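Report on one structure; see the data block that follows.
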Amino acid sequence: MAIGSGLGAQVGIAAEASYGTFLAPTKFIEFTKESLQLKKTTAQSAGIAAGRLLPLSSRRVVTQREGSGSLELEVTNKAMGILLQSLMGTTVTPVQQGAGPAYLQTHTLADTAGKSLVIQKGVPLTTGVVTDKTFVGCKIVSAEFSCEVGGMLTASFEIDAKDCDETQTLAVATYPSMSPFHFAQLAVKTGAFGTETARDGIRKVSVKLERPQAVDRFYAGQAGLKKEPITNDQVKISGSIEMDYVDTTLDDLNTSDAATSLVVEFVGPLIASTFFETFRIKLPAIRFDDSPPTVEGFDVVKPTLQFTGLYDGTNQPVIEYISTDTTL
């Protein structure tokens with residue numbers, strides 16, 4: 001029996017074969033926080049009956065069901081592929097590097113049609129009994145990756161779900177040995193696409209990808225449940241770089257409003273040959289929006305530059321992930 005607190009909780013995920021169709025979770029995420037919950041829309045009869053002072057309980061109905069919330073976690077060297085595929089949209093098969101155990105996943109920005117998840121969470125009662133909350137038809141509508149001095153690379157995924165099913169059997173969680181990516185492995189590079197160079201003085205970086213979708217596709221004949229959300233706006237990419245003012249390279253880009261390619265890269269231990277555990281975000285064109293350096297006292301000047309990710313006309317944003325995972 002599990003511990004009767006958050007220590008006994010679990011989250012498992014699986015890629016759906018079709019939107020909203022349950023599959024037993026196959027990957028279990030070591031998460032730090034989640035807020036997935038059922039959202040129901042109710043309607044109450046307003047009918048008048050002589051002498052009745054309260055609305056009649058039997059005439060309240062549930063007209064819509066859906067789910068939403070967030071999943072926060074540390075980005076690890078294994079088991080991230082399903083989430084990255086659902087965010088970026090490309091169907092990915094890990095490619096073996098050399099003849100060893102290293103496999104590269106290349107998640108290129110594409111439409112997310114057909115990319116949905118089952119997310120099953122186990123929520124412990126104080127008795128240690130773990131209750132099942134299974135969310136089907138989960139679409140990632142945004143994700144933010146962030147790392148700062150002394151910290152780990154973290155990710156926060158915002159999720160829209162078709163429904164919450166509490167009749168499934170809670171899967172038995174199993175966890176492979178995993179390690180988180182962290183600040184000591186971080187390099188932030190800018191420059192011409194493909195020849196970016198590492199910048200000095202970086203203290204924190206964050207990148208956010210938003211996948212706008214029509215999440216209100218409730219139609220007659222669907223028992224109050226939605227159909228799969230459809231992309232209904234352009235992708236939005238934004239972020240920030242916090243740094244000590246060691247040189248004017250990024251500040252000059254802010255002044256000129258010139259574009260630069262940005263690579264946010266974490267390189268971990270060697271897997272085999274010349275292939276290392278890697279998590280890499282590649283944005284072929286960003287432009288800085290504001291926050292030039294200001295002097296606010298005696299301390300080192302620390303500008304935080306906000307940026308917007310754009311299309312360079314040729315290359316799409318990509319997340320590259322090298323791990324020992326042979327499948328997503």
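Here are the numbers for this structure:
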{"read-out": "Stokes-Einstein diffusion coefficient of the chain, Kirkwood radius over Cα pairs, 20 °C, 1.002 mPa s, in µm²/s", "value": "98 µm²/s"}
{"read-out": "Value of [θ]222 nm, deg cm²/dmol, for the chain, DSSP H segments ≥ 4, -39500 (n - 2.57) each, nearest 500", "value": "-1500 deg cm²/dmol"}
{"read-out": "Listed pairs K121/K236; K139/K227; K27/K115 exceeding 20 Å between Cα atoms", "value": "K121/K236"}
{"read-out": "Kirkwood Rh in Å, taken over region 1-143 so that all alpha-carbon pairs contribute", "value": "18.1 Å"}
{"read-out": "Restricting region 235-321 to GluC sites (Glu not before Pro) in coil, as DSSP defines it, with at most 12 other Cβ within 10 Å", "value": "E296"}
{"read-out": "Charge-dipole axis of region 182-328 as Lys and Arg at +1 and Asp and Glu at -1 on Cβ define it, positive-most pick from H182, A272, A192", "value": "A272"}
{"read-out": "Gyration tensor (Cα) of region 241-315, equivalent ellipsoid semi-axes in angstrom", "value": "28, 19, 8"}
{"read-out": "Where N is the number of residues in region 154-301, Cα Rg divided by 2.2 N^0.38 Å", "value": "1.44"}
{"read-out": "Region 176-256: chymotrypsin sites (Phe, Trp or Tyr not before Pro) in DSSP coil with no more than 12 other Cβ atoms inside 10 Å", "value": "Y219"}
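Bear in mind these aren't lab numbers, they're just calculated from the coordinates by the rules spelled out. These numbers come from a predicted model, not from an experiment. Cβ: placed from backbone, ideal geometry, glycine included. Neighbour counts: every protein chain shown.
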